[in-house]
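**Q** Attaching a single structure in structure tokens format; questions to follow.
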């Protein structure tokens, strides 16, 4: 029963009521043991024989007023237990939804699906765990090594939900979905959610700040995040759309022209400026992008890092994709049943906790997990 005691411990110890801790534990166990779709009814049946279990589990998820932030802090603490994270990785997540009543649902083009979908849009913070290469120089061998993320995985430790502007003016939607006034009165673009995640991670970590890594090449306002991080003095490697206006500043032997000269970007980090900014950054494209204009351009303020190291950091942006697939297929990321803002955050937190347990627990007692039952 050691694994059961571990699941009952730190993640939910802050919950004030016994029934909240019991149902948090039950939900987590059910996510870990239920095959297929993670509906509330199927999750409840996995851990309880009571006919009222699904109602109790739904109540805990959607109506119970518990704080999800301590659970997220514990996930981050566990992810950093073996050492500081090499990067703080930001990644957007598109969560397809049917109907128009779930919190934040709207229609938008999804590049992955290749079509316009009805969905929720979220921004997540991911911490890499496991081994990774650390190329010492910008040699051919080091750049090749940087193309591989080694045995790394990524754990999702925090989430923000994007609310489209049309939601702010609909009082009925705001009331019905229990959206806090701070969210409803000040709809935030994705780059602000990304900045908020970075600041939250900085506040909870016990380690030195890590470089912020994000592929925001589908977001035209990603330069706003770059400027905000630069003002805060944070290191970053962030991909921007290839059409982003960049200028090469006047330096000895380099004319003051517009455009970042893609061929130069593919061989060495090039000094660039974003129009209207007084900061000088470095831009580069990943090796092997032979098109006239790379699909994405990476911007960094880390002048002390070599090309191989920068490419290695940039490649970490691939890790959240695998995490999101695992969350979707194994931990019910898309299976949330409810409409409320707190319910969405509760579900995302518990799905992340279940995935983190799988990723971070060396010895997993599957037989014990499968035998645990509860009653409501």
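The values are calculated or read from the model by the stated rules, or taken from the named source; none is laboratory data. Predicted model, so just to flag it, every value in this text is computed and none were measured. Virtual Cβ from ideal backbone geometry, glycine too; neighbours counted across all protein chains shown.
**Q** Name the one entry in 41, 107, 86, 17 that is surrounded by fewer than 21 Cβ atoms within 10 Å (Cβ to Cβ), touching a strand residue (DSSP E or B) at 6+ places or on another chain (Cβ under 7 Å) and more than 30 Å from residue 187 (Cα to Cα).
**A** 86
**Q** Can residue 319 be described as farther than 23 Å from residue 36 by Cα, modelled with pLDDT of 95 or more, in contact with a strand residue (DSSP E or B) (Cβ under 9 Å, 6 or more places away or on another chain) and part of a helix (DSSP H, G or I)?
**A** yes
**Q** Considering the stretch 174-191 alone, what residues qualify as being assigned to a helix (DSSP H, G or I) and touching a residue at least 24 places away in the same chain (Cβ under 8 Å)? It would help to see each step written out before you state the result.
**A** Applying the first criterion (assigned to a helix (DSSP H, G or I)) to the stretch 174-191 yields 174-176, 181-184, 190-191.
If the condition is that a residue be assigned to a helix (DSSP H, G or I) and touching a residue at least 24 places away in the same chain (Cβ under 8 Å), then 176, 183, 190, 191 are the ones that fit.
**Q** If you don't mind, another one. Pairs only if they're at least six apart or on different chains, beta carbon under 6 angstrom, first in the stretch 147-166 and at pLDDT 90 or above, second crowded, with 19+ Cβ neighbours inside 10 Å and in a loop (DSSP other than H, G, I, E, B); list them, first residue then second.
**A** Going by the 6 Å Cβ cut-off, the qualifying pairs are 161/104; 163/104.
**Q** Same structure, new question: If you scan the stretch 36-68, which residues turn out to be over 24 Å from the mean Cα position of the chain (by Cα) and either assigned to a loop (DSSP other than H, G, I, E, B) or outside the structural domain of residue 358 (by TED's automatic domain parsing) (or both)?
**A** Of everything in the stretch 36-68, those that are over 24 Å from the mean Cα position of the chain (by Cα) and either assigned to a loop (DSSP other than H, G, I, E, B) or outside the structural domain of residue 358 (by TED's automatic domain parsing) (or both) turn out to be 49, 50, 51, 52, 63, 64.
**Q** State which residue is surrounded by the fewest Cβ atoms within 10 Å (Cβ to Cβ) when the search covers only the stretch 20-38 and only residues that are out of contact with any helix residue (DSSP H, G or I) (no Cβ under 7 Å at 6 or more places or on another chain) and touching a residue at least 24 places away in the same chain (Cβ under 8 Å).
**A** Going through the qualifying residues, I end up with 37.
**Q** For the stretch 116-128, state whether one or more residues are in contact with a strand residue (DSSP E or B) (Cβ under 9 Å, 6 or more places away or on another chain), more than 23 Å from residue 341 (Cα to Cα) and loosely packed, with under 13 Cβ neighbours inside 10 Å. Quick ask: steps written out before the conclusion?
**A** Here is the first cut: in the stretch 116-128, the residues in contact with a strand residue (DSSP E or B) (Cβ under 9 Å, 6 or more places away or on another chain) are 116-128.
Of the ones still in play, those that are also more than 23 Å from residue 341 (Cα to Cα) are 116, 127-128.
Subsequent filtering for residues that are loosely packed, with under 13 Cβ neighbours inside 10 Å retains 116.
Scanning the stretch 116-128, I find at least one residue that is in contact with a strand residue (DSSP E or B) (Cβ under 9 Å, 6 or more places away or on another chain), more than 23 Å from residue 341 (Cα to Cα) and loosely packed, with under 13 Cβ neighbours inside 10 Å, so the answer is yes.
**Q** So which residues in the stretch 105-140 are farther than 25 Å from residue 345 by Cβ and at pLDDT 75 or above?
**A** 109, 114, 115, 116, 130
**Q** All but one of (1) within 27 Å of the chain's Cα centre (by Cα); (2) at pLDDT 85 or above; (3) surrounded by fewer than 19 Cβ atoms within 10 Å (Cβ to Cβ) hold for residue 271; which doesn't?
**A** Result: residue 271 passes all but (1).
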